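*Asks:* Input: one structure, supplied below.
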Amino acid sequence: MDLQVFHIALEQLVSRLKDKFMEFILRKHRQMELVKQLESVKSFEEWDDVTRALDDLDPRKVAWRDNDESDSYAFQKTKAKTAFLQKLRTTGDIKGLIGFLRQDLVKNIGQVASPELYKVCRNGTKRNIERYHNEVIRCIQYVYYYKGSRLRPEAKLKFFELAGWSYGKTALMLSGGAAFGKFHYGLIKALYELDLMPRIIVGSSAGSLCAAYIAVHKFEELHVLSDYEITFGKNALAWNFDSLWEMVKMISEKKIIASTDVLKTFVRDTCKDLTFGEIYE
């Protein structure tokens, strides 16, 4: 009898292990498919769907997102603020909601914008933080569409004016990266298509070339970023050496290894021969 029970338990264990192994194989296969698909996405919406699907397939990332706790931000205060905002909104306390948002609407409150919180997942961060951001958006929309007698139009305008001052304007900094700097065009294309273009764009090194290209075009002209020939068809970088040894020798002699002529041609063709004043006008 004991031997029969042992055999049954062993069969159940083997069956569970088999199921777990097959689940692992299928998950890995699906991850490989999504990673390959990610290489050819053409819009933010496609990227958003694929990266969220990839995160959902990783149990460690799912567990990290679902766990509110972290030393990188004030997770208890963030959770409490979400609950309090939701209560103000659902009870229709427009005065209390405006008062709370005026003092609380800052970008990095509770360190929710800490870089460490956005390095784990491909898309998004802790669900606790996402719930807070979503509730803030719902509260702002509630104030915007509120038509009751407890909030006069001039008071509503004053609220958004003050909120704009406290929250500030978003600026975009495009980093350097040599030839990889051209990939900034993909980010700009996504922001343009989502109507989220910031008013201030600056850049360093290769990023400055992308920022300059954007600055010399009108907003309605930025659809040209979908044209591969415009964004990647022209070389911005070329070298003055033909071999690794020649490069080492030029560096040791403190000579310029990049071709300035190619860079000048790229700037002239893409950014035009304009002054800052002519661009502004």
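The values are calculated or read from the model by the stated rules, or taken from the named source; none is laboratory data. No experiment lies behind these values; they were computed from the predicted model shown. Counting neighbours? That spans all protein chains shown, and the Cβs are built from the backbone with ideal geometry, glycine included. Accessible surface areas use protein heavy atoms only, side chains included; no ligands, DNA or RNA. Shrake-Rupley method; radii C 1.70, N 1.55, O 1.52, S 1.80 Å.
*Asks:* Would you work out which of Leu88, Leu222, Ser114 lies farthest towards the positive end of the dipole of the chain? Charges go on Cβ: Lys and Arg +1, Asp and Glu -1.
*Replies:* So the residue furthest toward the plus end is Leu88.
*Asks:* How do the peptides 114-123, 216-225 rank, highest first, by the average count of neighbouring beta carbon atoms within 10 Å per residue?
*Replies:* My ranking of the peptides, most packed first, is 114-123, 216-225.
*Asks:* Separate question: Mind putting a number on the dipole of the chain about its Cα centre? Charges go on the C-beta only, +1 for Lys and Arg and -1 for Asp and Glu, and I need it in Debye to the nearest 20.
*Replies:* Values: 43 positive and 38 negative charges, 243 e Å.
My answer is approximately 1160 debye.
*Asks:* Can you give the accessible area per residue of the chain, in Å², using a 1.4 Å probe?
*Replies:* 69 Å²
*Asks:* Turning to a different aspect of this structure: Which of the GluC sites (Glu not before Pro) found in the range 1-87 are loop residues per DSSP with 13 or fewer other Cβ atoms within 10 Å of their Cβ?
*Replies:* Hits after loop and neighbour filter: Glu39, Glu69.
*Asks:* For the chain, rounded, prolate or oblate, judged on the Cα gyration tensor with a ≥ b ≥ c (square roots of eigenvalues), a/c < 1.5 rounded, else prolate if a/b > b/c?
*Replies:* Since a/c reaches 1.5 but b/c is at least a/b, the shape of the chain is classed as oblate.
*Asks:* To the nearest Å, what is the center-to-center distance of the range 168-203 and the range 42-110, using C-alpha atoms only?
*Replies:* The range 168-203 and the range 42-110 have Cα centres separated by 24 Å.
*Asks:* To continue, here is another question. Can you show me the helix-derived [θ] at 222 nm for the chain, built from DSSP H runs with n ≥ 4 at -39,500 (n - 2.57) apiece and divided by the number of residues, rounded to the nearest 500.
*Replies:* On the way: 13 runs with 169 residues, N = 281.
When only DSSP H runs of four or more count, the value is -19000 deg cm²/dmol.
*Asks:* Let me ask you something else. First compute the accessible area of the chain with a 1.4 Å probe, then give the percent of it belonging to carbon and sulfur atoms.
*Replies:* Roughly 58 percent, rounded to a whole number.
*Asks:* To the nearest 10 square angstrom, what accessible area does Met32 show with a 1.4 Å probe?
*Replies:* Rounded to the nearest 10, that gives 140 Å².
*Asks:* Just want the answer: with Cβ charges of +1 for Lys and Arg and -1 for Asp and Glu, which residue in Gln37, His7, Met22 is farthest toward the dipole's positive end in the range 1-48?
*Replies:* His7
*Asks:* Let me check against my output: what whole-number percent is the relative contact order of the range 175-281, with C-alpha pairs under 8 Å and at least 6 apart? Walk me through the numbers before you get to the answer.
*Replies:* Details: 91 pairs, mean separation 28.3, N = 107.
Relative CO of the range 175-281 lands at 26 percent.
*Asks:* Taking the Cβ-Cβ separation of Ile8 and Lys36 as r and a Förster radius of 35 Å, what is the calculated FRET efficiency to the nearest 0.05?
*Replies:* On the way: r = 43 Å, r/R0 = 1.22.
The pair Ile8/Lys36 has a calculated efficiency of 0.25.
*Asks:* So if I place +1 on the C-beta of Lys and Arg and -1 on the C-beta of Asp and Glu, and nothing else carries charge, what would the dipole magnitude of the range 35-91 be about its Cα centre? I want it in debye, nearest 20.
*Replies:* Details: 11 positive and 12 negative charges, 90 e Å.
In total the dipole reaches around 440 debye.
*Asks:* Shifting gears a bit: Quote the relative contact order of the chain in percent (integer), defining contacts as alpha-carbon pairs under 8 Å separated by 6+ residues.
*Replies:* Relative contact order of the chain: 13 percent.
*Asks:* Going by the alpha-carbon gyration tensor, a ≥ b ≥ c the square roots of its eigenvalues, is the range 115-171 rounded (a/c under 1.5) or, if a/c is not under 1.5, prolate (a/b greater than b/c) versus oblate?
*Replies:* Oblate.
*Asks:* Decide, for the range 52-111, between rounded, prolate and oblate: order the square roots of the alpha carbon gyration tensor eigenvalues as a ≥ b ≥ c, take rounded if a/c falls under 1.5, and otherwise choose prolate if a/b is larger than b/c, else oblate.
*Replies:* Prolate, because a/c is 1.5 or more and a/b exceeds b/c.
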